[in-house]
Each structure stands twice: as structure tokens, then as C-alpha cells.
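Following: one structure in C-alpha cells, then a few remarks.
The values are calculated or read from the model by the stated rules, or taken from the named source; none is laboratory data. Computed from a predicted model, the values in this text were never measured in an experiment. Here Cβ is always computed from backbone atoms with ideal geometry, including for glycine, and neighbour counts include all displayed protein chains. Please note that ligands, DNA and RNA were not included when accessible areas were found on the heavy atoms of the full protein model with its side chains. Shrake-Rupley method; radii C 1.70, N 1.55, O 1.52, S 1.80 Å.
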Amino acid sequence: MARSFIGSKAFKGRGAISNPAVRFEATHREQTHDGWYEDEIVEHLSETVLPDSARSVITTNDSPDVGFEQSINPYRGCSHGCVYCFARPTHAYLGLSPGLDFETKLFYKADAVKILETELAKPRYVCKPIALGINTDGYQLLARCRHPVTIVTKSALVLRDTDLLADLARDGLVQVMLSITSLSNDIKRTLEPRAASPEARLRVIRQLHEAGIPVGVLVAPVIPAITDHELEDILAAAREAGAGSAGYVLLRLPHEVKILFREWLAEHYPDRAKHVMSLINQARGGKDYDATFGRRMSGTGAYAELLQSRFELARRKCGFDSAHGHGQDRHGQDRHELATSLFRPPARNQAQLTLDF
Ligand code: SF4
């Protein structure tokens, strides 16, 4: 059942303004008030974290636009609450809204590492880098199996696993990308309310680099007329901190994210909301979003081409290049080639045992 909240006031520490209708549901419920009982309006939303009984953890994809074919995400929902998050629409599969529900109703796969161990032990499993948002246990298993890993994060918590990542890095088995959207704390506060500050993300780049872990920066998403002017500065700051590779992604607005983003613009940037959407529409063939492979990461048209040229120029000027074994994909992200030949599958009978780390 879809829900929306009274008024347009942003919730403290939340990115979404509302809970828009779930796209699969036929009914829509709207909350209204008649001016009485003002104190009943919800201003603070707490979080719940519940177990999710998933039977597999490795997800495969055949998109030519992303730098990996398989990924693991042991959570559903994310309390970082980035308003533009393109994982939001997946909450609709749980019958929950991609809006505030996505930030506050979280699920974790309790046995993720055990299930992963079983999947890696399958005789037909073919080792390819796994993109993941996982925690210490997962890194330990993958390090033990010498399995390549790529990580994209906005969290400083990745530093907690520096030792494990440095161990993987010694064999060319890991690449970490820090996603930096803006260097402004004011923008970050409403756009990605619970993610690490820009300074903290630069510090993460510095510390990972100093630990010998290949680290890059992903300027993602670039938001026209809100953050796009920062592209060169973000690349320069990340390079100075030690980033060796760089990429960018133009804002993507699939499904309900377009509603959430429009609400966010109306709340925080009413003066330029129309202009922002006009630039997005120009770059998306007249629509809010175009999911076509090859176009969805960087868009098309004059604005998108200008962004691409600026990125390429800044990238070269900063000294990010294709040396040191990096390839480059079509939206400018350097791809670090990771080793797959060192993979040692977990023993099949061991896969049923709980890790003894
Ligand atoms: S940190 Fe990533 S997964 Fe979490 S809300 Fe932001 S974009 Fe989505």
C-alpha cells in the first residue's frame, strides 16, 4: 500500500521526502489532515533491521555498462539514504516504498558468508571479480580463497578492513572506488544524509593508498546545475589524496527515484528545480531517464558531451591515465584488471561449516 506524508517538510537525517507509491500496487493511500492534531505529524523516523532469508548471495548481470558481472549485497535498503540511489526501486519487490521505507526498513542476509562459501565451492563456479558491499567476514572468506573483489563505497568503515584489503592487494585481487558526489558538506547533508563527509572520503582514499591498496574515485552521480561544477575539483582532490583511477556517472532516475528526486529538488533547490530537470531531460533524450545500455551512465546530447569532454580533460590534467595495467570503460572509469588465476575454492564439505575466524 502506498503512503505519503503530510506536507513537504524534509525529515531530519533522511534523503527522501516521502514514501511514493510502490509501482506494482494498484491502490494508493494518501495521508491528509484537517488542521487538528498538528503534533501527530511524524518528524522523526526510526530504523528497523530484520533478517532476510535469502538462499543465494551472488547476483549476476550482463550489463555492458558496469565493470563487473557478479556482485554481492548482503543488505536490502540502506540507511545512508542517498536520494538518488538507484537501488531504491528494489524495495518495491518487498512491498515497501523506495522512499523513506528504503532508508528505514532494512534487511540483512544473516547467513551471507556461509551461503557465499557454498556458492564458491560449487564445481561449476567460475571465478570472476565480485563487486561487493559486504563486511569483514566476507573479506576474510574471499581473502582465504584468493578471490578478486571490487568495492564501491561512500563509507569510511572500509578502513576497518585495511589489513585484509592490503593482503588481497599484494596479489592484485582488490580495487576500491570511493564515490564522491560533492566536496560541499551542505550539499552532502541533504543529498546523502548519512554517508561519510567529503573530507572523510578523501581521508579514506589517502589511507588506502598509503596501505598499498589500489583506490580510485567515482564522481557519481553528477547532478546538472547542482554538483556538475565540482567535477574538476573532485578529481583534483582525489588525485592529490592518492586515487589512481577515476570515473563518473550522470544522475540516473529510474522508476520511483524520479519522483523522489523531484521532491528533493522542490524542497532544497526550488529556485533552480526547473533548470536542473531541463538539463537532465536534454541528456536523456527528452525523458527523465533512458536506461539503454551504453547511454544510461553518461547520457547523450550537448550537455552529456560537454561533461564527457570536461571529465577527459580533467582526468588527463590530474594524471589519471591508463598506465599501470588499467583498462578504460566507455564512461571513463579506469578498470583495474584483477587476478582470477589464484582462486582456490573452499572445500565442499568445509562450505557447510561456520567460519572459525
Ligand atoms: S550509499 Fe549507496 S546503496 Fe546506500 S543509499 Fe547511497 S547510493 Fe544507495
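Annotations
- Count of the range 153-178 residues, restricted to those that are on the phi < 0 side of the Ramachandran plot and either surrounded by fewer than 21 Cβ atoms within 10 Å (Cβ to Cβ) or part of a helix (DSSP H, G or I) (or both), is 18.
- Filter result for Val149 (aliphatic (A, V, I, L, M) and either farther than 28 Å from Glu199 by Cβ or within 16 Å of the ligand (Cβ to nearest atom) (or both)): no
- Some residue of the range 24-39 being modelled with pLDDT of 75 or more, in contact with a Lys or Arg (Cβ under 8 Å, 6 or more places away or on another chain) and more than 13 Å from the ligand (Cβ to nearest atom): no
- Residue list for the range 56-115, restricted to those being assigned to a loop (DSSP other than H, G, I, E, B), under 17 Å from the mean Cα position of the chain (by Cα) and of a type in the set (A, V, I, L, M): Val66, Val83, Ala87
- All positions within the range 177-212 that are more than 16 Å from the ligand (Cβ to nearest atom) and closer than 20 Å to Leu165 by Cα: Leu202, Arg203, Ile205, Arg206, Gln207, Leu208, His209, Glu210, Ala211, Gly212
- For first residues located in the range 80-98 and on the phi > 0 side of the Ramachandran plot, partners that are small (Gly, Ala, Ser) and away from the ligand (no atom under 11 Å from the Cβ) and lie 6+ apart or on another chain with Cβ distances below 9 Å form the pairs Gly81/Gly13.
- Val217 fulfils the conditions (1) modelled with pLDDT of 95 or more; (2) more than 16 Å from the ligand (Cβ to nearest atom) except for a single criterion, (2).
- Residues in the range 1-21 that are at pLDDT below 80 and open to solvent by less than 90 Å² (accessible area, probe 1.4 Å): 7 in all.
- Members of the range 270-283 that are within 12 Å of Pro224 (Cα to Cα) and in a loop (DSSP other than H, G, I, E, B): Arg272
- Any hit, the range 105-112, residues being surrounded by fewer than 17 Cβ atoms within 10 Å (Cβ to Cβ), over 14 Å from Arg344 (Cβ atoms), out of contact with any strand residue (DSSP E or B) (no Cβ under 7 Å at 6 or more places or on another chain) and among the small types (Gly, Ala, Ser): no
- Out of Arg310, Arg252, Arg344, one residue alone is part of a helix (DSSP H, G or I), among the basic types (Lys, Arg) and modelled with pLDDT of 95 or more. It is Arg310.
- Checking each residue in the range 69-86 for being open to solvent by 40 Å² or more (accessible area, probe 1.4 Å), within 15 Å of the ligand (Cβ to nearest atom) and not basic (Lys, Arg) picks out Asn73, Tyr75, Cys78, His80, Phe86.
- Test result for Lys109, away from the ligand (no atom under 16 Å from the Cβ), in contact with a Pro (Cβ under 9 Å, 6 or more places away or on another chain) and among the basic types (Lys, Arg): no
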